[in-house]
Amino acid sequence: MLDIDHFKKVNDSLGHAMGDRVLRAIANILHTELRGTDFNARYGGEEFVIVFPETTAEEATAACDKLRTLIALHPWPRLSRNLSVTVSFGVSSLEHPEQTEAQLLASADRALYAAKKAGRNQVREALKGGDSRRASVS
């Protein structure tokens, strides 16, 4: 799962039209950078979900960290002079075949909020038992 850091501030200070442009720019980065076998969708307000089939947790975490970096380095000031955008990621992987999609999403969501609580602009990987570990930080 990916969540745009401080997105409410973008909408509140620059307007919802600018917020929409940020969402579209991130969607475009995801579309451009993900493999043809990967799936991504907007999951809620400023959240996206990405599915990496046949990918290890380590590979998914590395892909998310690359996306995090690309989003942070995107030329946001072209949209608005003082705009900068970062994102946080929570990564989870199937631990056993009986695991449901809801459990997988809940695990990714917990890891995502651990990333946000730890300072944002980072990737956190969910561990068994509900904990998470820092996978990257800038």
Quickly run through segment 22-81 and pick out the residues that are under 13 Å from the mean Cα position of the chain (by Cα), in a helix (DSSP H, G or I) and under 15 Å from R124 (Cα atoms).
A60, T61, A62, A63, C64, D65, K66, L67, R68, T69
Kindly list the number of the only condition in (1) over 21 Å from L127 (Cα atoms); (2) part of a loop (DSSP other than H, G, I, E, B); (3) not small (G, A, S) that fails for V10.
(2)
Out of everything in segment 42-59 that is free of Cβ contacts under 8 Å to residues at least 40 places away in the same chain and closer than 19 Å to P97 by Cβ, what residue ends up being surrounded by the most Cβ atoms within 10 Å (Cβ to Cβ)?
F52
Across segment 82-101, what is the total count of residues that are at pLDDT 95 or above and over 15 Å from the mean Cα position of the chain (by Cα)?
2
Against the condition within 24 Å of D5 (Cβ to Cβ), touching a residue at least 60 places away in the same chain (Cβ under 8 Å) and in contact with a Pro (Cβ under 9 Å, 6 or more places away or on another chain), how does L83 come out, does it pass?
yes
Test for D3: is it closer than 30 Å to A102 by Cβ and either aliphatic (A, V, I, L, M) or in a helix (DSSP H, G or I) (or both):
no
Check whether at least one residue in segment 95-103 is of a type in the set (D, E, K, R) and in contact (Cβ under 8 Å) with a residue 12 or more places away in the chain, and report yes or no.
yes
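The values are calculated or read from the model by the stated rules, or taken from the named source; none is laboratory data. A quick note: this is a predicted structure, and the numbers were derived from the prediction, not measured. Glycine gets a Cβ as well: all are built from the backbone with ideal geometry, and neighbour counts include every protein chain shown.
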